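Inspection log for the structure reproduced underneath, given as structure tokens.
Just so it is clear, none of the values below were taken in a lab; they were calculated from the coordinates. What you see is a predicted model, and the numbers here were worked out from it, not measured in a lab. FYI the Cβ positions are ideal-geometry reconstructions off the backbone, even for glycines, and counts take in every protein chain you see.
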Ligand code: MEV
């Protein structure tokens, strides 16, 4: 395939789908085999990745299609156990093409390292003392990572907060570290540990926790897209989606589920590229509550033409260097399929997938409900399980959905019936 848009992709056999993606992304035979094989992560590598290894665990990798992001066609590898998610993402991106696709940007790659200072009698004076020594603090930190600094990264600034707590006031020092294309946890934590004796010296206090914050407010990605009213099925659908969003914006119970739908698009790409899913999830949810009330990570509005405009904004601490991204062979191929050169670009694509999944879920919920779409995918799974293929499979799916009987024994019965009819 030449673009990320391919009609009927889901109907192809798996090998053909892989060949299409390989053509799009210029994958080698070896890279294709890596994606295709369930055990591309060999046992030795697996054994070095985590502790107490007793085996490996496979999940399906699919692709989100139809994305145009900042004018570029993008195919998005997604690893998930949940049916419907990849189809929903693909469908939402298809509907976004009429509006020109997605536009995304990033605020930079600055991570926060926190140092918790205790036993300080005059916290505001200590804050002032730390800020007076900012240059020396930056120097001590940057000495720890000459490679990062050599590429233009390292500590760029220092902030100090005084917070109240049940054990009294605390002085919290923030190191603002540009981690470039790395997720950055190791660099940030090393620097925080290295500089804390100096901060103890300046303040007379005791440094306790020294750790990165996942509330990465200086490493935020934004993405937006316009769905034309025609693509969505009319202005009435636009209005229904906006009131669905208004519910999430107003109510944390709904916001939690709406944001879960956003994470349906985000986590599978984070996982496919070997990044830390928990870091992204904690960053997303804490960002959604940053103003004191948990709310939606997206906003939805109607523009002057009556079209729907969605915007997503969230922290995105993903990397392209280090960690499983560089170790897991399938993650390396996933990065190649994405065609990204920087962590910021990767983060932008991930945000677009999140926005797409949010749109798909809201459209389904605000119109026909989500069960119909789920049912046909479930029916497809069952037809597949009983061994049906091609036209027979399609007929079984259609019949089960029409009869609202999506069950394994009915799939088997229909399979036998349609097979007998074919003969
Ligand atoms: C299910 O995985 C995700 C949804 O619940 C998201 C939403 O409610 O917006 C459908």
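A compact table of results
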{"item": "Simple label model, 7 Å out from Cα along Cβ direction - residue 166 to residue 235, nm", "result": "5.5 nm"}
{"item": "Angle in degrees between helix 390-402 and the longest Cα principal axis of the chain, rounded to the nearest 10", "result": "80 degrees"}
{"item": "Selected from 305, 91, 70 as most flexible by GNM, with the chain as the system and alpha-carbon contacts under 10 Å", "result": "305"}
{"item": "Cα→Cβ-extended label distance, 7 Å offset, between residue 201 and residue 302, nm", "result": "6.4 nm"}
{"item": "Mean projection area, nm², convex hull over Cα of the chain", "result": "24.8 nm²"}
{"item": "Cα-based radius of gyration of the range 110-213 once divided by 2.2 N^0.38 Å, which approximates compact folds", "result": "1.02"}
{"item": "Shape box of the range 8-87 [Cα atoms, principal axes, largest first, Å]", "result": "44, 29, 28"}
{"item": "Residue-averaged 222 nm ellipticity for the chain, from DSSP H runs of 4+ at -39500 (n - 2.57), nearest 500", "result": "-16000 deg cm²/dmol"}
{"item": "Radius, Kirkwood style, for the range 348-387 when every pair of distinct Cα atoms is counted (Å)", "result": "11.6 Å"}
{"item": "25 °C / 0.890 mPa s Stokes-Einstein diffusion coefficient of the range 372-422, Kirkwood radius on C-alpha pairs, µm²/s", "result": "240 µm²/s"}
{"item": "The range 372-422 - percent relative contact order, Cα under 8 Å, separation 6 or more", "result": "41 percent"}
{"item": "In nm, spacing of pseudo-spin labels at residue 251 and residue 404 (7 Å Cα→C-beta vector)", "result": "2.5 nm"}
{"item": "Three-way shape label, the range 226-273, alpha-carbon gyration tensor, a/c 1.5", "result": "oblate"}
{"item": "Which of 43, 170 has the fewest Cβ neighbours within 10 Å, and the rest in rising order", "result": "43, 170"}
